[in-house]
Amino acid sequence: MKSFYNALPVRNGLLSIIPDCETTFMASHLECILCHQQYSLDLLFHECQDCGGLLDVNYSFSTIDPKALKIDFMNRRLSPAIQDQSGVWRFRELLPFITDVGSVISLREGNTPLYDLPRLAQKSALGRFSAKHQGMNPTGSFKDNGMTTAITQAKRLRVGAVICASTGNTAASMAAYAARAHIRAIVLIPEGQIASGKLAQAIDYGARVVQIQGDFDRAMTMVQELSREGRAYLLNSVNPFRLEGQKTILIELMEQRGWIPPDRIVLPAGNLGNCSAFGKALKELYDLKLINRLPRLTMVQAAGANPFVELVRSGSGQLKPMHADTLATAIKIGNPVSWKKALRAIEWAGGNAVEVSEEEIADARALLALEGIGCEPASAATLAGTMKLSRERALGSAEDVVAILTGHQLKDPEYILQYHQGTLAYAGQSIAGQYQNKMTRIPAELNALRNLLSEHD
Ligand code: F0G
């Protein structure tokens, strides 16, 4: 069997501490979240070799001076070096598994805007509502925050090929970063279930794009199996190095807010990698005294793809996989791989999981657009979830809430056009959007235009 890995011995099992880290004041290792078995950072697999549990990248941070570190983070913005310009590597003391920061593979990711939305705050009776727009990343989604760290690790391990299953954004991001690192990329996608913007990106960046006649969950099982065989290095969010990069979404958010945490952070939940990364980020920021209290996490799923909501609701401690169905294709996932870490995030920070309908997602997306903030459907689940909790009076009085918008508006133009043309439909039912903006057709004559415009005077 041909292996895509370059010759590299897998130092399986034993913890090895990497000495002489340039950035560091600690040792790093991989650790199973269930049995706490420790591994060297060079492990090519993402599951505990003893019990199959997910792994964390853990550090023994020695004492740091939070004030001095915050100033270092800020000062790096003035430097032209890519590792300082990157909104991920700028925070490298909090992801110190890389010994040589000059070797990072970066597209200057992160550095995403935080938009204040006072009208929507008022509508939902919130003290403050803002949106951190991760769609403003180089490939248009939050995946870039984690892909820079995971591809840098892949490069460090000298792997010959990387692989992922994807609902689209991971594929686009991995393809771009693999191209940048000159590593072969293979993506598995569910046929006909990927938004066109994402598919175009993955193809354009030169990845080998393989469509399967099955759903995302099947694709995920297939790539996990293939990577266990050593055929390629897996870059889905089971890869703990992805989550290290995604932590910086919250680190940057805290910095933008003068290190004052909001009351609540709301994010869309699919494969649950981002929820897991946010839990770890909050725990580390709090333990290192970079923030002095923990915001709650609210994870939002579409009602037709809600296995995590069901898990939290049932309190059973065991996720029941389901057949997923939602027009928000990014989060059309019925068997999320990182559910144990996401549950842990709620235990650490407090929070909840909420489901929203297709109509709620569609209208929330259009409502955000009317504030000048475009995003893809899955991202708008955050506003839909916030508005639902507000209607149900499940939020504290005048809460300060931050929504994480995960993907760019132009990822899924078909959805937007269908919404505004009134042809968007789910389960055979058409969605009558509250904020439809229908196009008008007139003959190419000035008088026709004058007449039309005078109707609005
Ligand atoms: N929002 C967007 C735009 C996404 O693309 C995804 C996941 C999520 C939210 C959910 O994040 O999986 O960490 O819970 N997209 C993956 C992909 C699955 O393949 O692009 P999660």
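For the reader, a short list of remarks on this structure follows.
- Test: R218 is free of Cβ contacts under 8 Å to residues at least 40 places away in the same chain, open to solvent by 20 Å² or more (accessible area, probe 1.4 Å) and either in contact with a strand residue (DSSP E or B) (Cβ under 9 Å, 6 or more places away or on another chain) or within 9 Å of the ligand (Cβ to nearest atom) (or both): yes
- Those helices (runs of 4 or more DSSP H) lying entirely in the range 178-272 with at least 3 residues within 30 Å of M74 (Cα to Cα) and modelled with pLDDT of 95 or more: 240-256
- Summed over the range 306-335, the residues that are more than 26 Å from E414 (Cα to Cα), open to solvent by less than 10 Å² (accessible area, probe 1.4 Å) and of a type outside the set (A, V, I, L, M) give a count of 2.
- Residue, farthest from D116 (Cα to Cα), within the range 359-397, restricted to residues that are outside any helix (DSSP H, G or I) and in contact with a His (Cβ under 9 Å, 6 or more places away or on another chain): E376
- Within the range 428-442, being assigned to a loop (DSSP other than H, G, I, E, B) and open to solvent by less than 100 Å² (accessible area, probe 1.4 Å) holds for G428, I431, A432, G433, Y435, Q436, T440, I442.
- When the range 308-334 is limited to residues that are of a type in the set (A, V, I, L, M) and in a loop (DSSP other than H, G, I, E, B), the one that is nearest to A425 (Cα to Cα) turns out to be L327.
- Scanning the range 398-413 for residues that are in a helix (DSSP H, G or I) and in contact with a helix residue (DSSP H, G or I) (Cβ under 6 Å, 6 or more places away or on another chain), we see that the one that is surrounded by the fewest Cβ atoms within 10 Å (Cβ to Cβ) is L410.
- Within the range 223-265, considering residues that are of a type in the set (A, V, I, L, M, F, W, C) and over 19 Å from A165 (Cβ atoms), the one nearest to the chain's Cα centre (by Cα): I249
- Being touching a Phe, Trp or Tyr at 6+ places or on another chain (Cβ under 6 Å) and away from the ligand (no atom under 11 Å from the Cβ) is a property that holds for L294.
- Whichever residue in the range 131-168 is open to solvent by 10 Å² or more (accessible area, probe 1.4 Å) and assigned to a helix (DSSP H, G or I) and, among such residues, is nearest to the ligand (Cβ to nearest atom): K143
- Residue count for the range 357-369, restricted to those that are out of contact with any Phe, Trp or Tyr (no Cβ under 7 Å at 6 or more places or on another chain) and either more than 13 Å from the ligand (Cβ to nearest atom) or open to solvent by 30 Å² or more (accessible area, probe 1.4 Å) (or both): 6.
- Residue match in the range 338-348 (condition: in contact (Cβ under 8 Å) with a residue 40 or more places away in the chain, open to solvent by less than 20 Å² (accessible area, probe 1.4 Å) and hydroxyl-bearing (S, T, Y)): yes
- Residue within the range 335-346 that is within 15 Å of the ligand (Cβ to nearest atom), modelled with pLDDT of 95 or more, touching a strand residue (DSSP E or B) at 6+ places or on another chain (Cβ under 9 Å) and in a strand (DSSP E or B) present: no
- In the range 26-54, of all residues being in a strand (DSSP E or B) and out of contact with any Phe, Trp or Tyr (no Cβ under 7 Å at 6 or more places or on another chain), the one that is nearest to S237 (Cα to Cα) corresponds to L54.
- Residue ID - nearest to I249 (Cα to Cα), chosen from residues in the range 415-427 that are touching a residue at least 60 places away in the same chain (Cβ under 8 Å) and either part of a loop (DSSP other than H, G, I, E, B) or open to solvent by 80 Å² or more (accessible area, probe 1.4 Å) (or both): L424
- Residues in the range 309-325 that are touching a helix residue (DSSP H, G or I) at 6+ places or on another chain (Cβ under 6 Å) and without any contact (Cβ under 8 Å) to a residue 60 or more places away in the chain: L319, M322.
Residue-wise test of (1) in contact (Cβ under 8 Å) with a residue 40 or more places away in the chain; (2) over 25 Å from the mean Cα position of the chain (by Cα).
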residue: T406; (1), (2): yes, no
residue: L410; (1), (2): yes, no
residue: Q436; (1), (2): yes, yes
residue: P443; (1), (2): no, yes
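- Residues in the range 280-297 that are open to solvent by less than 10 Å² (accessible area, probe 1.4 Å) and either in contact with a Lys or Arg (Cβ under 6 Å, 6 or more places away or on another chain) or at pLDDT below 95 (or both): A281, P295.
- Total residues in the range 385-416, condition closer than 14 Å to A302 by Cα and within 13 Å of the ligand (Cβ to nearest atom): 1
- Condition met for P118 (open to solvent by 10 Å² or more (accessible area, probe 1.4 Å), without any contact (Cβ under 8 Å) to a residue 12 or more places away in the chain and not aromatic (F, W, Y)): yes
The values are calculated or read from the model by the stated rules, or taken from the named source; none is laboratory data. This is a predicted model, so every value here is computed, not measured. Glycine gets a Cβ as well: all are built from the backbone with ideal geometry, and neighbour counts include every protein chain shown. All accessible areas refer to the heavy atoms of the entire protein, side chains included, with ligands and DNA or RNA removed. Shrake-Rupley method; radii C 1.70, N 1.55, O 1.52, S 1.80 Å.
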